[in-house]
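The values are calculated or read from the model by the stated rules, or taken from the named source; none is laboratory data. Note that the structure is a prediction, hence the values are computed from the model and not measured. Positions of Cβ are generated from backbone atoms using ideal geometry, with glycine treated the same way; all protein chains shown enter the neighbour counts. Side chains included, ligands, DNA and RNA excluded: accessible areas come from the protein's heavy atoms. Shrake-Rupley method; radii C 1.70, N 1.55, O 1.52, S 1.80 Å.
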There are 2 protein chains.
Amino acid sequence: MQRPSLDLSLDAAALTAQLVDIPSVSGSEEPLADAVEEALRGLGHLRVDRWGNNVVARTALGRAERVVLAGHLDTVPIADNVPSRLDEDGVLWGCGTSDMKSGVAVQLRIAATVPEPNRDLTFVFYDNEEVEADRNGLGRLAATHPDWLTGDFAVVLEPSGGEVEGGCQGTLRVVLRTEGVRAHSARSWMGANALHAAAPLLARLAAYEPRRPVIDGLEYHEGLNAVRISGGVAGNVIPDVCEIAVNYRYAPDRDEAAALAHVREVFADCGVASLTVEDHSPGALPGLSHPAAQAFMAAVGGEARPKFGWTDVARFSSLGVPAVNYGPGEPSLAHKRDERVETARIHHCEERLRAWLTGA
Amino acid sequence: MQRPSLDLSLDAAALTAQLVDIPSVSGSEEPLADAVEEALRGLGHLRVDRWGNNVVARTALGRAERVVLAGHLDTVPIADNVPSRLDEDGVLWGCGTSDMKSGVAVQLRIAATVPEPNRDLTFVFYDNEEVEADRNGLGRLAATHPDWLTGDFAVVLEPSGGEVEGGCQGTLRVVLRTEGVRAHSARSWMGANALHAAAPLLARLAAYEPRRPVIDGLEYHEGLNAVRISGGVAGNVIPDVCEIAVNYRYAPDRDEAAALAHVREVFADCGVASLTVEDHSPGALPGLSHPAAQAFMAAVGGEARPKFGWTDVARFSSLGVPAVNYGPGEPSLAHKRDERVETARIHHCEERLRAWLTGA
């Protein structure tokens, strides 16, 4: 089999097709990482580093600012949608077209065509974004080679419909437990029902009014929700335990400690026997007040909107690098059998980034 | 191996030991049923019928009333407690001593020693009482040979600590369902949380005041309890369904329709999307006003007390035969490794029944 390669002289849409045609389902990114590394090494003006199937390429021009452009190489499993297909309307179909090989194509085109950017650039291509968090290449690079990821501002080229998504909300999941005393249900007065004890807690959730704070001009929208409930021993036994998993999605003006304190306070008088943290990822401030970010917004235009879900933008934020999502893909098409991208959007995204990185 | 046999000339305690020493865990009652059938056929004054491992023996003296004495032959699994052992305090130890081979011994002793009772007698020995209801020998006899079970009053010799337990409460289990709309928990306002919708339902249960009606002089005690709750799709999804199983234990002045109507009424305004009956067994009136029952109470003495749990007494009741539990075993020792029975209690129970069935 011929070793696949990439031609960075192609336009970004054609390059996207090349990328899609090198399958890279999470865990099998090596051929694509090889092709990306080889293409970048051919450019000359970049220092290229590789760790596993993660490739990082950097300029070293001594600019006042450094910007990171990041994208993952992997896709969800192929669903009979590779190789790619370009239709007569200029729409490119195939696995990863939206999420996010069109974004990777833009990264590679900027790398190839902007040898002297106005800000130093770091291009990060990483693996295993679509699977468990502990396999995520960006997270593993942050742990093993944090110096490869330093910068003043980062753009993650995840599908965002060509709009800028700033920051992201944090997510905390706790398990609240109510307790009672087991008894035969024929003599229920001998026991105490832990499920009934959950009533005030669920009532509190039902009545909860989430905050909608405005941060850096973006309006966030919090949420506090039971996402799982379980309890019960047998059909004739008064249950002694009820467990309720509650997910708090919180705006990035709250840090982890404040988020947890808030949840504790909400349920302070609801008869909760214990509260255990099951999962916690802090949010990320949009960082749009940074000069690099403001120049970026001016170049790409439009209004930034907040990101409600947790993304790798927050991983950059935790490294001290304000970050946004901005990519040509369409988020609602990600992971779908009929995944596709408008090639005009890819070109537009490339042009906007080039304008930002070459302007005065 | 020698075929086991029973000696009905032994006193009831020694006969209990013989019964215990013929293992009869549910599903393996055949050797014991054989021995019981053989012993009864040897008596001459009884008509003996057998179906499967169920044995029924009857007098046909043309008395004005017919009384049924019933007991199950099976035990829970043996727990290193067979053969039986009689200690120096007159306590007999072993699997089934309390539940309910001491009761079966009393049945057999009455069968052997009261050839001309003042009421016609029907002795029922049945299998599979300790397992799923659809295997229960009494229930299967009721379906296949209802004429074998007719009578004016029945005594089930289940362990009752030598006291009379009258009637029993019914038990209804329904599944209440609340519904919502799924959404990603990062955008919870796009959905509707089915777990939060369960709050008013659980609050209604927590505030519920159960009835304690007095029937035939016995005070019952109802209960309405959630016994199981479940809901949840994933840690980041607003759940669209919550299911709560609720068990209503109700006094026997309510029939099945009234019990179900009550439960529907309790939750009428709680936002329940559906209510499904999962299990329903009606209660049984104590029937203590029947002349045979009053004579029985006079003979055995003491105060009757209500039975909260569901027992085969209710099965007789559904056949139109008022029934009580009255047996020498101790209910709190049933199903235990250290199961035992006081032999004095066995003799007392036998004497009381004989007095009732031979008195004027």
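Computed about the Cα centre, the dipole magnitude for chain A is approximately 760 debye when only Lys and Arg (+1) and Asp and Glu (-1) carry charge, each at its Cβ.
In the context of the full protein assembly, B:PHE267 retains an accessible surface of approximately 10 Å², using a probe radius of 1.4 Å and ignoring ligands and nucleic acids.
A straight Cα-to-Cα reach below 17 Å connects B:LYS336 with the lysines B:LYS101, residues fewer than 8 places away in its own chain not being considered. Positive end of the dipole of the stretch A:211-360 (Cβ unit charges, origin at the Cα centre): among A:ALA295, A:SER318, A:ALA284, the Cα lying farthest that way belongs to A:ALA295. Distances between copies of A:LYS336, taken at a point 7 Å out from Cα along the Cα→Cβ vector and listed shortest first: 6.5 nm.
The charge dipole of the stretch A:189-344, taken about its Cα centre with unit charges on the Cβ atoms of Lys, Arg (+1), Asp and Glu (-1) only, comes to about 160 debye.
Helix-only mean residue ellipticity at 222 nm, chain A, DSSP H runs n ≥ 4 weighted -39,500 (n - 2.57), per residue, nearest 500. What is it?
-8000 deg cm²/dmol
In nanometers and ordered shortest first, the copy-to-copy spacing of the A:ALA355 label point, defined 7 Å from Cα toward Cβ, is 10.6. Looking only at A:ALA273, A:ALA112, A:ALA33, which one moves most when chain A is put into a Gaussian network model with springs between Cα atoms under 10 Å? Judging by the Gaussian network model, the answer is A:ALA273.
Across A:ILE22, A:ILE78, A:ILE229, mean-square fluctuation computed from a Gaussian network of chain A (C-alpha pairs under 10 Å connected) peaks at A:ILE229. The Rg/Rh ratio for the stretch B:170-281 is 1.09, where Rg is the radius of gyration of the alpha carbons and Rh is the Kirkwood radius. Among the GluC sites (Glu not before Pro) in the stretch A:268-360, those placed in a DSSP loop whose Cβ has at most 16 other Cβ atoms within 10 Å are A:GLU303.
Rolling a 1.4 Å sphere over the protein heavy atoms, what is the accessible area per residue of the stretch B:170-281, to the nearest Å²?
I get 40 Å² per residue for this part.
Across identical copies of the chain, A:GLY44 has label-point separations of 12.3 nm, listed in ascending order, with the point defined 7 angstrom from Cα along Cα→Cβ. Ligands, DNA and RNA aside, B:MET190 has an accessible area near 130 Å² when probed at 1.4 Å.
Taking Cβ atoms as reference points and 15 Å as the exclusive limit, the residues near B:PRO322 contribute a net charge of -2, counting Lys and Arg as +1 and Asp and Glu as -1. Using a 1.4 angstrom probe on protein heavy atoms only, the contact between B and A buries about 2900 square angstrom of accessible area, both sides summed. Inter-chain Cβ neighbour count for A:188-195, averaged per residue, equals 5 (cutoff 10 Å, partner chain atoms only). Charging the Cβ of each Asp and Glu at -1 and of each Lys and Arg at +1, and nothing else, the dipole of the protein assembly as shown about its Cα centre rounds to 760 debye. Take each residue of peptide B:306-317, count the partner chain Cβ atoms within 10 Å of its Cβ, and average: the result is 1. The stretch B:1-20 and the stretch A:15-38 have Cα centres separated by 82 Å.
Return a whole-number percent for the relative contact order of chain A, with Cα pairs under 8 Å and 6 or more residues apart as the contact set.
Values: 859 pairs, mean separation 85.2, N = 360.
Relative contact order for chain A comes out at 24 percent.
Comparing B:VAL300, B:VAL313, B:VAL175 in a Gaussian network model of chain B where C-alpha atoms under 10 Å apart are linked, the largest mean-square fluctuation is found at B:VAL175.
Across the protein assembly as shown, the fraction of Cα-Cα pairs farther apart than 50 Å, rounded to a whole number, is 43%.
I need the shape label for chain B. Rule: rounded when a/c is under 1.5, else prolate if a/b > b/c, else oblate, with a, b, c from the alpha carbon gyration tensor. Prolate shape, in that a/c is at least 1.5 and a/b is the bigger ratio.
Spatial offset of the stretch A:291-360 relative to the stretch A:181-230 amounts to 37 Å, using the alpha carbon center of each.
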